[in-house]
Amino acid sequence: MELARITNPDDYLPFIEGAKDLDDLTIKVQKIIEQWGFSSFSYWLKQSPNGTHEPIAFATYPAEYSKHYMKNKYYLHDMIGLASTASCLPFDWSQIEDNYHITRMQKQLFDESASVGMKSGGCIPIHGPYNSHAVFSVVSDQSKKEFGRWFNTCKHDIHIIALYIHEKVLKLDSASGQRVVSMTMRELEVLTWVSRGKTYWETGKILNIQEDTVKKHIKKACSLLQASNSSQAVARAVFYGLIVP
């Protein structure tokens, strides 16, 4: 199916449904967002249905920037994930700065994004079926004012398109047979308190369990997240959207 100029977001469904795999879906989504005046996008499945596993992420951001982002662990400071957890409605990046205290590192992240042509962006939080949670973002080299005006005009249509994309990702993921990892609430609680700088002893006191029990939960979490230590387990849990520090 060729993608002509489409004004009704519902008409994108056959085009998205025709994607054979994530690479094909990436190409199709890029064509769609370009028609809506955006330069690139990202999709991040933070929590899959009925459990957790390696996150699914694909994007058309500049490759060197993406490598730089991962190398410097910017995902630990990225406010988009946190803001999307607290909202069900589309928002643009400038609202994050208005509603949250921005740290020096987070300001640096915004500045570096702008330096590679991602001056402005909009985010679509997706709280989908079976407790799935994803984030779809579109970016532009427009000024914040120009972008905000345009995003406010088309954000509801982009929201519908994002839901179609999310549904397709879930179908492709289900068909892949990828192993799902299940973590208990207690394991997530332990990781959360450790991520906030608490010692194992302090975490035990907070949760009313023994320090040795905390260590056992950490060991199990490390195994499930394929982490070599608690710091790496915390970083991966934050990145996957399992916990909020």
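The values are calculated or read from the model by the stated rules, or taken from the named source; none is laboratory data. Keep in mind that what you see is a predicted model, and the values were worked out from it rather than measured. Neighbour counts run over all protein chains shown; Cβ positions are idealised from the backbone, glycine included.
Quick rundown of the values:
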item	result
Any hit, region 175-193, residues being among the β-branched types (V, I, T) and under 30 Å from D11 (Cα atoms)	no
Any hit, region 144-163, residues being closer than 17 Å to T85 by Cβ, in a helix (DSSP H, G or I) and aliphatic (A, V, I, L, M)	yes
Hits in region 207-244 - residues which are loosely packed, with under 15 Cβ neighbours inside 10 Å and in contact (Cβ under 8 Å) with a residue 12 or more places away in the chain	V244
Scope region 197-233; condition within 29 Å of the chain's Cα centre (by Cα) and on the phi > 0 side of the Ramachandran plot; matching residues	G197, Q226
L172 vs. criteria assigned to a helix (DSSP H, G or I) and at pLDDT below 90	yes
Residue ranges of helices (runs of 4 or more DSSP H) in region 7-126 with at least 3 members free of Cβ contacts under 8 Å to residues at least 24 places away in the same chain and surrounded by fewer than 16 Cβ atoms within 10 Å (Cβ to Cβ)	22-35, 63-71, 93-99, 104-115
Hey, H166 within 23 Å of I96 (Cβ to Cβ) and either surrounded by 17 or more Cβ atoms within 10 Å (Cβ to Cβ) or modelled with pLDDT under 90 (or both) or not	yes
Single match in K145, K107 (criterion: modelled with pLDDT of 90 or more and farther than 19 Å from S66 by Cβ)	K145
